[in-house]
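The structure under discussion appears below in the form of structure tokens.
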Number of protein chains: 2
Amino acid sequence: MSARDVRTREEAMMPNLAEVAQRAKVSTATASLVLSGKDVGRVSRATAKRVLRAATEIGYVRNALAAGMRSGRTSCLGVVAEGVLSTPYAVDMIKAVLTAAAEHGWSVILNDTGDEGQRAHEAVQEMLSRQVDHVIQAAMYHRRVDVPSDLPDVVVLNGFADRPGVPCVVPDETRAAFEATEHLIALGHTRIAHITDTSGVVAVGLRLRGYRDALEAHAIAYDERRVIRGGDAPEQADASARRLLALRPRPTAVFCFNDGMAAGVYRQAYRAGLRIPEDLSVVGFDDLTLISTNLDPGLTTMRLPHYEMADWLTRAVINDGPGGLHSGITRMPCRMVHRGSTAPPLTA
Amino acid sequence: MSARDVRTREEAMMPNLAEVAQRAKVSTATASLVLSGKDVGRVSRATAKRVLRAATEIGYVRNALAAGMRSGRTSCLGVVAEGVLSTPYAVDMIKAVLTAAAEHGWSVILNDTGDEGQRAHEAVQEMLSRQVDHVIQAAMYHRRVDVPSDLPDVVVLNGFADRPGVPCVVPDETRAAFEATEHLIALGHTRIAHITDTSGVVAVGLRLRGYRDALEAHAIAYDERRVIRGGDAPEQADASARRLLALRPRPTAVFCFNDGMAAGVYRQAYRAGLRIPEDLSVVGFDDLTLISTNLDPGLTTMRLPHYEMADWLTRAVINDGPGGLHSGITRMPCRMVHRGSTAPPLTA
DNA sequence: CTGAAAGCGCTTACAG
DNA sequence: CTGAAAGCGCTTACAG
């Protein structure tokens with residue numbers, strides 16, 4: 001074959017290592033050593049300088065494909081996201097992965113398999129084919145994740161694996177719900193309702209647990225009638241909110257499973273002529289700023305640690321590899337963002 | 001060197017083409033032909049079957065690095081995003097790129113250089129090093145994009161290049177603003193205000209143009225006092241909205257530069273005791289559903305064609321290459337989403 | 001401190 | 001219809 005058979009680097013004016021070596025009058029071995037920073041104590045400073053200058057002069061860019069094939073390491077991270085980009089909730093995770101990876105000089109191959117998670121197998125094959133060093137499997141919300149068995153170096157972000165031995169990181173839902181509820185208790189509330197979801201997502205149980213634990217810790221009786229279950233969409237959030245406001249005696253505070261449900265409470269409270277926070281304190285969950293900052297007053301809510309989880313996991317994987325990680329579930333704390341939707345009860 | 005020097009496919013139990021060929025009792029040339037689908041009329045059906053069976057039996061996954069190096073094509077798309085993941089506005093573009101690429105069997109290397117766009121050069125070097133076939137440069141909002149000169153096969157998504165010869169795609173802002181305004185005119189409004197941005201982003205001028213054109217097309221006098229300029233944050237949106245409501249005679253409708261500003265109008269209208277849409281019709285822009293569906297009533301707004309732009313561009317690049325594209329600006333239409341925040345004026 | 005040479009796993013003209 | 005062999009651009013023991 002000739003140089004014309006394929007779209008060569010030469011055609012695209014991409015010089016290769018041999019040309020750098022030739023120009024610097026050294027072997028490709030020496031040039032490689034210098035250009036990959038492995039030259040200390042092995043190549044004289046003068047030679048190294050010559051190589052670097054030559055590389056700069058002809059605009060050398062190393063072919064990562066060739067390097068990866070020879071060395072067996074690609075400095076490439078595969079991210080198999082399951083619908084992460086379909087939600088505004090979790091995009092921060094991708095952002096964190098990209099940022100942390102870039103800081104380490106790593107690249108990221110991203111594949112979002114969509115809400116169904118159907119294309120997951122294909123995505124994994126693709127990652128293997130591209131020889132990524134590690135795979136991060138990211139879930140759009142805290143849930144159980146099916147981890148392909150043919151994937152050795154895998155970790156799970158925002159979910160837990162269906163098999164043991166896989167490092168996972170999730171938000172500490174129960175603790176967050178405990179703190180949110182305790183915040184309301186500290187303000188003097190005792191009739192605290194909880195609006196939650198009808199779906200079976202794990203966070204529902206974990207946050208309910210935190211809510212109950214907080215009540216119990218402060219000797220407030222748990223009243224099942226104050227736990228309202230409804231859907232996620234705006235109309236369903238409205239329905240839940242109406243049921244909340246119909247409770248007698250009316251709760252003076254509500255802890256909502258997410259910000260969308262809190263938005264429903266705002267809409268119905270205004271329609272009923274109630275003031276927030278004077279007549280009703282509201283705490284949300286997620287901190288979708290598009291919702292929380294556009295409500296009036298701004299919504300006090302628990303921020304999910306999407307960025308922190310992804311940042312931590314990415315750095316850990318790059319620095320230690322999945323093997324260096326605790327092979328189990330790591331829980332990360334959520335932080336409460338105070339904006340003005342809570343106050344002491346008027347009756348206090 | 002020996003097989004133990006590097007982390008080989010053997011260690012990871014990754015069979016290579018030679019093993020497939022050996023098992024199928026053919027040469028690697030024949031195996032390669034079959035496994036890359038180039039065997040029609042070149043390899044007998046029986047031989048092809050043997051190869052495919054052998055590959056399946058030993059769980060062969062082709063090494064895309066080696067294939068890419070030899071063939072000069074990687075079926076890999078580089079996406080240099082400039083803060084796209086930092087905004088809820090434009091994530092749909094990434095989603096569309098990933099989906100379209102996956103459908104063609106392409107992988108995507110994603111790099112978000114953050115809001116500043118500082119790391120753009122590094123990102124480009126990275127892409128070149130990884131030998132991506134094409135690069136898509138994506139902007140977080142419609143704006144001028146500095147396209148690195150050392151990047152031959154590049155196209156711009158949601159922006160326009162600073163140099164000629166680069167295919168670009170952007171939303172048709174002027175037409176969208178024209179249609180939004182015309183919708184209000186068709187309902188019978190004549191006192192139509194426009195709340196816009198103080199920043200110098202290009203969309204400000206383009207949408208103002210569409211607003212003015214629509215008024216002119218329907219012989220409604222343009223009144224500069226009805227164009228209110230303010231910032232983007234909730235408090236600034238509130239300030240703009242207050243100025244709107246202080247106008248005398250009060251406009252019966254308002255076309256907002258974005259949904260966040262429309263949310264400010266809702267807040268202030270409610271505080272002033274005005275009903276939407278009876279007393280004031282509101283049209284937004286962007287269709288951030290977290291805002292538009294959580295307002296009461298739901299916000300009628302122009303949806304930006306982020307998904308469509310990215311989908312179209314990705315398919316075009318993969319199928320034709322950047323060279324096959326119109327080397328200039330392509331404008332894509334926005335679609336109006338009707339939700340109930342507009343109605344005929346009461347005085348009509 | 002430096003270089004010659006092997007080899008990563010594939011694809012591709014080319015010869016038969 | 002099939003195979004032998006070259007070569008993509010690197011990195012890495014190894015020899016000197």
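The values are calculated or read from the model by the stated rules, or taken from the named source; none is laboratory data. It should be emphasised that the depicted structure is a prediction, and the values quoted were computed from it without experimental measurement. Note that we place each Cβ from the backbone using ideal geometry, even for glycine, and neighbour counts take in every protein chain shown.
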Would you confirm whether any residue within region B:64-83 is surrounded by fewer than 21 Cβ atoms within 10 Å (Cβ to Cβ), within 24 Å of B:Gly260 (Cα to Cα) and in contact with a helix residue (DSSP H, G or I) (Cβ under 8 Å, 6 or more places away or on another chain)? no
Run B:Arg303 past the list (1) out of contact with any Ser or Thr (no Cβ under 8 Å at 6 or more places or on another chain); (2) at positive phi; (3) not aliphatic (A, V, I, L, M) and report the number of the one that doesn't hold. (2)
What helices (runs of 4 or more DSSP H) lie completely within region A:16-134 and have 2 or more residues being aromatic (Phe, Trp, Tyr), within 10 Å of DNA strand C (Cβ to nearest atom) and closer than 26 Å to B:Leu151 by Cα? none
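So which residues in region B:288-335 are assigned to a strand (DSSP E or B) and surrounded by fewer than 18 Cβ atoms within 10 Å (Cβ to Cβ)?
The answer is B:Ile329, B:Thr330, B:Arg331, B:Arg335.
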Pairs, first without any contact (Cβ under 8 Å) to a residue 24 or more places away in the chain and within 18 Å of B:Glu19 (Cβ to Cβ) in region B:35-57, second β-branched (Val, Ile, Thr) and not in a helix (DSSP H, G or I), C-beta under 7 Å, six or more apart: B:Thr47/B:Val26
Hey, any hits in region B:43-65 for a residue that's more than 30 Å from A:Ser71 (Cα to Cα) and modelled with pLDDT under 85? yes
Exactly one condition in (1) crowded, with 20+ Cβ neighbours inside 10 Å; (2) β-branched (Val, Ile, Thr); (3) more than 7 Å from chain A (Cβ to nearest Cβ) is not met by B:Ile58; state its number. (1)
Can you give me the number of residues within region A:311-327 that are more than 14 Å from A:Val169 (Cβ to Cβ) and of a type in the set (S, T, N, Q)? 1
Scanning for something outside any strand (DSSP E or B) and in contact (Cβ under 8 Å) with a residue 40 or more places away in the chain, does region B:210-230 turn up at least one residue? yes
Determine which member of the set A:Arg339, A:Arg335, A:Arg303 is among the basic types (Lys, Arg), modelled with pLDDT of 95 or more and more than 17 Å from the chain's Cα centre (by Cα). A:Arg339
When you scan region B:3-15, do you find a residue that is at pLDDT 90 or above and near DNA strand D (Cβ under 9 Å from one of its atoms), even just one? no
